[in-house]
1. Among the candidates A:LEU174, A:LEU188, single out the residue that is modelled with pLDDT of 80 or more, within 12 Å of chain B (Cβ to nearest Cβ) and within 20 Å of B:ASP525 (Cα to Cα).
2. I need the full set of residues from region B:484-535 which are at pLDDT 85 or above, of a type in the set (Gly, Ala, Ser) and under 22 Å from B:ILE439 (Cα atoms), in order please.
3. Let me confirm something: among A:LEU120, A:LEU142, which residue is in the same structural domain as A:ARG204 (by TED's automatic domain parsing), under 27 Å from B:ILE513 (Cβ atoms) and over 13 Å from the mean Cα position of the chain (by Cα)?
4. Against the definition (surrounded by fewer than 16 Cβ atoms within 10 Å (Cβ to Cβ), at pLDDT 85 or above and in the same structural domain as B:GLY382 (by TED's automatic domain parsing)), how does B:LEU212 come out, yes or no?
5. Can you tell me which of B:TRP30, B:TRP78, B:TRP88, B:TRP20 is over 60 Å from the mean Cα position of the chain (by Cα) and assigned to a helix (DSSP H, G or I)?
6. Is region A:47-54 home to any residue that is of a type outside the set (A, V, I, L, M) and in contact (Cβ under 8 Å) with a residue 40 or more places away in the chain?
7. Within region A:28-52, how many residues are under 20 Å from A:GLY65 (Cα atoms) and surrounded by 12 or more Cβ atoms within 10 Å (Cβ to Cβ)?
8. The conditions are (1) surrounded by 11 or more Cβ atoms within 10 Å (Cβ to Cβ); (2) farther than 28 Å from B:TYR18 by Cβ, and B:LYS418 fails exactly one of them. Which is it?
Amino acid sequence: MAHNRGMPSSTRIYLIEDDRTVLHFVQHALALRPDWRLVGHSATYSHARIMAPNSLADVYLVDLGLPDGRGEDMLRLLSLTKPEAELLVFTVFGDESRLVHALQSGATGYVLKGCNDAELIEAIEQICAGGAPISPLLARLLLKQLRNNAPAQVADNDTAAPALSERETEVLKLVAQGYVNKEIASRLGIGTATVSTHIKNLYRKLAVHTRVQVVRAAQDRGLL
Amino acid sequence: MPPAPPPPGQNAKRVPHYLWVGLLLLGLLWALHSVSMPAGLENAVTLREAQASLPQHPQQPPQQVSLPHILDDQPAAWSGWVDYRLDWPAALHYDDPAQTRLALLLPRVGTRFRVLLNGHEIYQVGWYAAPERNILSAWFPYLVSLPPQLLQAQPQQNQIHIQVQGQLLERSGLWPLQIGYHGSLFERHQVLEVWQVKGTWMMLISSLLMGLLSLHLWRTLNERLFLLMAVAALAHSVRLALSVSLEPPLSFGWYFYLHRLAFTWYVGFFLLFVAELLAFRDRLVHGLAWFLIGVGPFWLAWTLHTQDYDLYRIWAGAMAVCGALSLLRLLLFKARQRDALDGDQILVLVVATFTLATGVRDFLVVQLNFPGDADLRWTSLGSLALLFTLSWVLAQRATASTREVHRLNQSLAGILAKREAELRQAFDQLRASEQQRAIEGERRRLMRDMHDGLGSQLVQTLNMVRSQKHTLDAGSVESMIHHALEELRLMLDSLEPMEGDLATILGTFRQRIEPALLAAGIELDWQVQDVPALPSLDAQGVMHLFRCMQEIFANVVKHAQARRVCVRTRSDAAHVYLTVTDDGVGMQRPHTKPQAQRGLGNLRARAGKLGARVRFFDAHPGTGIEFAFPIHRTFTPEAGDTVPSVE
C-alpha cells in the first residue's frame, strides 16, 4: 500500500514491548523505511507510563502482556495524553475477545506478532492512512456490541456505545462473512479506502466511550 | 380420634399443668374453707332459734325450733303457713330508734315469705301470689331494712315475725338469719348475691356456651365424646336456668322434675364423658352412669308422686356415690398402668376430684346440717372450675387434629426440603461432573489437536534442523515455524465464541489460508452468505470444520492443479449447505494416491462427527464437495464414527 494521503513524511514510532526479539524485529523492519524512526522503547509498564506520554511519536505499538501492568491501562493512558496518535496493539494471536476490550480502551488497530517486515510496515501504513485491520470474528463481535445501540444511547449517554450507520453495518456484516476489503468495495460499489475508513470509524466509535470518560477525567484533574 | 401426643421435648422441662392447677385448687379449697367458717358478723347477731307456730292450726302450741327449720322434715301440717317469732337479741341495742339503721339478712327463706315488724308488714316475696303460681324465693338472699319509725323505743319490745309458706320437696323453711346494722349486713348480702346468684348466672352462661360448642364440634368431627359433653352441659344449663328463676314459667311439679332430672342427667352423661375422655371402657362405670340416666326419670317421678323428700335425699346420695365410685375405680385402674394417663386426662381428674369435694361438702353442710356456712355453696365454684377445664381440654382435643395436620405438613415440608436439597446437591454434583467431563473432553481434544497439528509440525521442524545442520535452509525453517504458528492460531480461533455462525467460521479460516492460496496462484471466489446458526459447530465442531477445510484446500493446492476455488454457503428449511468447488483436474478415483484416499477418509469421519452429510461431485471441470449440515441437531457425536457414503 502506498504511504501517502496526509501521512506525516516522517512517522515516529514508539514500542512498548518486553520481548527484545520483537524490538529487534521492529528495528529490522524499519530499515525498509529509512524515513520512519523508532523514537522510543519501553520494556515495562512503569517505564512506559512515564516516558510514552511525553514522546512525540505518531504511532504506538503496545504489547498487551506487559510484565508489570496491563496493556489496556496503557492504551487508556495514551488515548488521554496522545489522542491524535495511532495505538496499535501488538499481539501473538488474533485473540478477538481480548482485542475488543483493547479497542474499547482506545486501540485503533492491531498487528499480529510473527508477521514479516513487509506486513508490519503495511499495517502501520494502513493505520496511518486511515484504515484498520479487522477479522471476521472481530467484525461479528463489533456487530453484536454496536448493533441497535440507539435506544440504550438515549437512556444512558455515558455508558452506551454509539449506534452504527447503515453503511457501517453493511460493511461489518460482509467482513463477518469473510469478505476482504476489495470484495466489500466491489459489492457495495464504493472505494476500498472508503471501506477502510468505515472500519476505522467503527474502532473510534467503539472507543468513544472510553475517550469521553478519559477527557472528562482529564478535565476534572485540570489536565485539559 | 386418639389424642395427639405432645411433640417430644415440648413438656420435658415444664411443670405439668395439672400439678399447678391442683395446687391452685387446694389453695382455693383452703380459701373457701376460711370464707365459709361459721363466724359472727360485726355489728350483727345471728339468730339460730325461733318460736314457730302454725296460724292455720291454732290448736298447735308454738314451739321453739332451731334454724335451719326445714319444713320437709316436719309433719304434713307444717307444709302450709308457718309463723316464726324471733326474739330480739340482747346484744343488739340502740338509743334513738330514729337514728338507727337496722336490717335483717335472710340468706335462705321460702318458698314464699313476708316479714312483719311490730305488726307491720315490711317485706314480702310472692306472699300474695295465686296459689298455683310457682314462687321460689329460697334461691336468693334478701336484705330487709327495718324502718326506724316502726322500731320501739326499747329494743326488747320489738316483735319480729317471719311468715313462710312452704313447698314440699323444695326444702322450704327458714335458715339462720342475721339482724344488725344495715352497713354490715349490706356487705354480707353482696357476698351472698355473688355466690348464690351471679355465680349461678356465670355457670349458666359458661355451661350453655360449652354445650353449644360441644354440639357444634360433635356435628363437625362426629366424635361421641363431644356429644356426651354437649348433653351433659346442656342438661346442666337447664338446671342452672331453673335455679335462678324466682318464678319459673312452669308448675312446681314440672319445675321439680325438670330441675332434678337435668342434674341427674348432667351427672350421668358427665361420668360417661369422663370415661370416654380417659378411654376407660369399664362396665361398672358405664353401668352406674346409665343407671343414673335411665332410672333417674322414674325415681324422680316417684319422688314427685310421694312428695317424700327423703326419696330425693337418697337419690342425691346415690348420685354422689355413683360419681365417687366411678372416679375411684377409674383412678385405681389407671394408677395400676404406667403412663396410662396423659397430662390433660390427669388435669380433668384433678379438677373433677375438686368438684366432687365441693359437692360432698355442700351435701354435708346443706343436707345433713354439718357445720359450715350453708349459704355459700361450693358446688357453684367447683362446677365452674370443671367447666372451664373441660372447655380447655375439649378445645385442645378439637385442635389436636389441626395441630397434627400442621405438624405433618411441617414434617412433610421438612422432608421435601431435605429431598430437594439432596436433589439439588445431586444435580450440582452431576453438573459439576458433567462440567468436569466436558473440560476433560475439551482438554483431551486440545491435546490431540496440539499433538497432531502443532506438535507434529514442531517435531518435523526439529528433525529438519537436526538432519540439515550444515545445509540448513532458513526459508524452510521460517516456513515451517510459520506453519506451526498458523496451526496454533487456527486452534485458538476454534476456541473463540463463534456461536455456530458458519460464515464467520469460514471467514476466520479464510484469513489463515488465503496467503497460502495466493502464494500458490489460486484465486478465491468467496460466495458466503449468512445462514442459520449450526448447533454442531461448537469449539470441537469448529476444529473439525477447520480440519476438513484444510484437507480440501491441501488437496486443491497439491493435487487439483486448480486456478480458482469457490466457497459457497446456502440453506433451505432443513439444512445448511457448504460447497467448495475447484476448476482443477477433477477426481480420478482409480489413480487417487493412498495419501489422498486417507485424507478423504478423514474428511468423511470429521463430517460425520459434525453430523453433516458429505457429497463429492464432478464440477465440470474440477471437483466439488458439499457438506449438508442439519439445522436442528438430531445427531449424537458418538454416532459420528459412522462414515457417510461417498457419491
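The values are calculated or read from the model by the stated rules, or taken from the named source; none is laboratory data. Please read these numbers as outputs of a predicted model, since none were measured by experiment. Neighbour counts are summed over all protein chains in view; Cβ atoms, including those assigned to glycine, are modelled from backbone coordinates with ideal geometry.
1. Being modelled with pLDDT of 80 or more, within 12 Å of chain B (Cβ to nearest Cβ) and within 20 Å of B:ASP525 (Cα to Cα) holds for just one of A:LEU174, A:LEU188, which is A:LEU174.
2. Within region B:484-535, just B:GLY500 meets the criteria.
3. Of the residues listed, the single one that is in the same structural domain as A:ARG204 (by TED's automatic domain parsing), under 27 Å from B:ILE513 (Cβ atoms) and over 13 Å from the mean Cα position of the chain (by Cα) is A:LEU142.
4. yes
5. Exactly one of B:TRP30, B:TRP78, B:TRP88, B:TRP20 is over 60 Å from the mean Cα position of the chain (by Cα) and assigned to a helix (DSSP H, G or I), namely B:TRP78.
6. No, every residue in region A:47-54 fails to be of a type outside the set (A, V, I, L, M) and in contact (Cβ under 8 Å) with a residue 40 or more places away in the chain.
7. Number satisfying all stated conditions: 12.
8. (1)
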